[in-house]
Amino acid sequence: MSRSRIVSLIASATEIVCALGYEDQLVGRSHECDYPPAVARLPVCTEPKFDTVGTSYEIDQRVKNILADALSVYRVHADKLKELRPDVIVTQSQCEVCAVSLRDVEHALCNWVGSRPRLVSLEPHTLSDVWQDIHRVAEALGEPARGDELVGRLKRRMSAILEKARALPQRPTVACIEWIDPLMAAGNWMPELVEMAGGVNRFGLAGKHSPWMTWEQLRQEDPEVIVVLPCGFDIDRSRREMPALTQRSDWAELRAVRNRRVCLTDGNQFFNRPGPRLAESLEILGEVLHPAVFHFGHEGSGWEYL
């Protein structure tokens, strides 16, 4: 088996590469790649063009201002890529706000001469797309059987939860909040995960980009469970942002608040990374939606009650 020099420019792809058994062939990463922890040793090949310190509202405004000028949100260090001499670069074309895009990478490579690395662009919108992306990475690295094995293992873990949830008599209504200020619901693969975990998803459609929502819509729907999972935020960061919602005069009137069923999750490590840890994300949802039935040990690390 030949070895490849791999650069991953999206956190979920780094997790895929490592889960396939190629961690030792990674030579570069994005600024967001932080799992498995050992990848922190790798050179960083990207950076955001905006200040990531601030409230969710301030970050949202900075990103929107950049996009309004038709500019990329991230910078790819072309010189660093050349120095690393990758054979394979994994990036994505699903969301220009979430991570370095295919366009960013192609621009960084436009002046290369000689041998160019193979670009593998991931574009997950559904769970099925995530499985296809794992297969795509495995094939690019010359070991499609590894992709088959990994996808099969993940599907079996998740199917066990699905089958158990199907037998439950009650399915709570759920709102998944992907951004706090302004409010955004979770789309793409998240509605599928909610249904698999035994819930009824009320905002966002499977396979569609995450939609903006209003406070009035949330209040009118009044879901039984609210799951807060902002993209890029861990639990502590989300807790600091929650006053944007909890200080509303009618926050306490929500059913989920009255019944203490508002949960903060690590949206950075789980849910928003379309890779192997969507299995853990489903486990977290199972614990949140049906705490008397599912016990995987994620409470306190992957999620907490508000």
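The values are calculated or read from the model by the stated rules, or taken from the named source; none is laboratory data. Predicted model only: the values in this text are computed from it and were never measured. Cβ coordinates were reconstructed from backbone atoms using ideal geometry, including for glycine residues, and neighbour counts include every protein chain displayed. What goes into the accessible areas is simple: the full protein's heavy atoms, side chains included, and nothing from ligands, DNA or RNA. Shrake-Rupley method; radii C 1.70, N 1.55, O 1.52, S 1.80 Å.
Here are some notes:
- Modelled FRET efficiency - R0 41 Å, ARG118 with SER301, Cβ distances, 0.05 increments: 0.65
- Descending by average beta-carbon neighbour count within 10 Å, the peptides 238-246, 292-300 line up as 238-246, 292-300, the highest first.
- Each 20 Å bin, from zero up to the one with the longest distance, holds this percent of the alpha carbon pairs of the chain: 33, 56, 11, 0.
- Cα lying deepest toward the dipole's positive end in the chain, options SER301, LEU26, LEU264, charges on Cβ: LEU26
- With R₀ set to 41 Å, the beta-carbon distance separating HIS135 from GLN247 gives a calculated FRET efficiency near 0.35.
- Extreme residue, positive dipole direction of segment 158-243, given options MET242, GLY207, ALA197 (C-beta unit charges): ALA197
- Solvent-accessible heavy-atom area per residue, rounded to whole Å², over the chain at 1.4 Å: 44
- Using a probe radius of 1.4 angstrom, the carbon and sulfur fraction of the accessible surface of the chain is 48%.
- Across the chain, Cα pairs under 8 Å and at least six residues apart give a relative contact order of 14 percent.
- Aspartates and glutamates with Cα under 16 Å of LYS155, excluding same-chain neighbours fewer than 8 positions away: ASP129, ASP133, GLU163, GLU192, GLU195, GLU280, GLU283
- Cross-link partners of LYS80 among aspartates and glutamates, defined as those whose alpha carbon lies under 18 angstrom from its own and excluding same-chain residues fewer than eight positions apart: GLU32, GLU47, ASP104, GLU106.
- In this Cβ point-charge picture (+1 for Lys and Arg, -1 for Asp and Glu), the chain has a dipole of about 360 debye about its Cα centre.
- LYS155 exposes around 90 Å² of accessible area when a 1.4 Å probe is run over every protein chain in place.
- The antiparallel fraction among DSSP beta bridges confined to the chain stands at about 25%.
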